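S.K.: One structure follows; several queries about it will come next.
The values are calculated or read from the model by the stated rules, or taken from the named source; none is laboratory data. As the structure is a computational prediction, the values presented were derived from the model and not from experiment. Cβ placement follows ideal geometry from the backbone for every residue including glycine, while neighbour counts extend to all protein chains displayed. Keep in mind that these areas ignore ligands, DNA and RNA; they rest on the heavy atoms of the full protein, side chains included. Shrake-Rupley method; radii C 1.70, N 1.55, O 1.52, S 1.80 Å.
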Amino acid sequence: GKDKGLIRGSWESLGKNKVPHGVIMFSLFELDPALLSLFHYDANCSSRQDCLASPEFLDHVTKQVMLVIDAAVSHLDDLHSLEDFLVNLGRKHKAAGVSTQSFAAVGESLLYMLQCSLGQAYTAPLRQAWLNMYSIVVAAMSRGWAE
Ligand code: HEM
């Protein structure tokens with residue numbers, strides 16, 4: 001009830017501008033630069049700056065992660081309908097060498113982005129509502145490691 005209202009209300013404008021808000025989530029790699037090495041599509045990705053500028057990395061943060069969050073927000077009433085998609089997404093991350101612990105850093109980045117973008121509207125209950133939703137997404141993705 002209340003959680004869903006807080007999430008929908010705050011995502012309304014953010015979701016329309018996924019790229020700039022995804023860019024703020026780049027802070028993830030300030031928290032844990034080692035995660036950058038998992039984006040090794042680009043053989044020329046030798047320095048940290050090169051990696052940050054690679055299209056694969058940019059697409060992941062500004063589009064792919066944001067689209068999953070967008071899907072979760074639009075399915076708040078039936079998050080279980082995303083279960084198969086999310087378990088499969090987890091499987092892909094397992095195959096890419098990602099560890100489930102790394103998802104916490106993405107969660108931190110998501111909260112940081114919300115705080116930057118929402119200002120005064122970023123309240124403790126709103127933070128908790130987002131954390132709850134993100135935890136459900138991560139729990140489903142993590143089931144991709146179990147099989
Ligand atoms: C794909 C890394 C977290 C959403 C990928 C791929 C990598 C990657 C390397 C490419 C996989 C491949 O095509 O073989 C990471 C790392 C993460 C992380 C290092 C944590 C630090 C997340 C989270 C989400 C997400 C939390 C969603 C909430 C996606 C999506 C794709 C993807 C939608 C595309 C999958 C597809 O091609 O079907 N990620 N990821 N990632 N990631 Fe992540």
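S.K.: Which angle between 0 and 90 degrees, to the nearest 10, do you get for helix 65-74 versus the longest principal axis of the chain when only C-alpha atoms count?
M.R.: 20 degrees
S.K.: For n ≥ 4 DSSP H runs only, could you compute -39500 (n - 2.57) per run for the chain, divide by its residues and tell me the 222 nm figure to the nearest 500?
M.R.: Only helices count here, giving -20000 deg cm²/dmol.
S.K.: For segment 2-146, what is the accessible area per residue in Å², given a 1.4 Å probe and the full set of protein chains?
M.R.: Normalised by residue count, the accessible surface of segment 2-146 is 53 Å².
S.K.: Put a dot 7 Å past each Cα toward the Cβ at Ser102 and Arg127; how far apart are the dots in nm?
M.R.: 2.6 nm
S.K.: State, as an integer percentage, the relative contact order of the chain based on alpha-carbon contacts under 8 Å between residues 6 or more apart.
M.R.: Over the chain, the number comes to 37 percent.
S.K.: Residue by residue through segment 100-108, what is 3J(HN,Hα) from phi via Karplus (6.51 cos²θ - 1.76 cosθ + 1.60, θ = phi - 60°)? Round to whole Hz and write x for glycine and proline.
M.R.: Using θ = phi - 60°, the values come out as 4, 4, 5, 5, 4, 5, 5, x, 4 Hz.
S.K.: While we're looking at this one, here's another question. Kindly report, to the nearest 10 Å², the accessible surface of Thr123 as traced by a 1.4 Å probe over protein heavy atoms only.
M.R.: The accessible area comes out at roughly 60 Å².
S.K.: Tell me the Kirkwood radius of the chain: reciprocal of the mean inverse pair distance over distinct alpha-carbon atoms, in Å.
M.R.: Taking the inverse mean of 1/r over all distinct Cα pairs, the chain comes out at 15.8 Å.
S.K.: Just give me a number: lysine pairs in the chain, eight or more positions apart or cross-chain, with C-alpha atoms less than 29 Å apart.
M.R.: So the count of such lysine pairs works out to 14.
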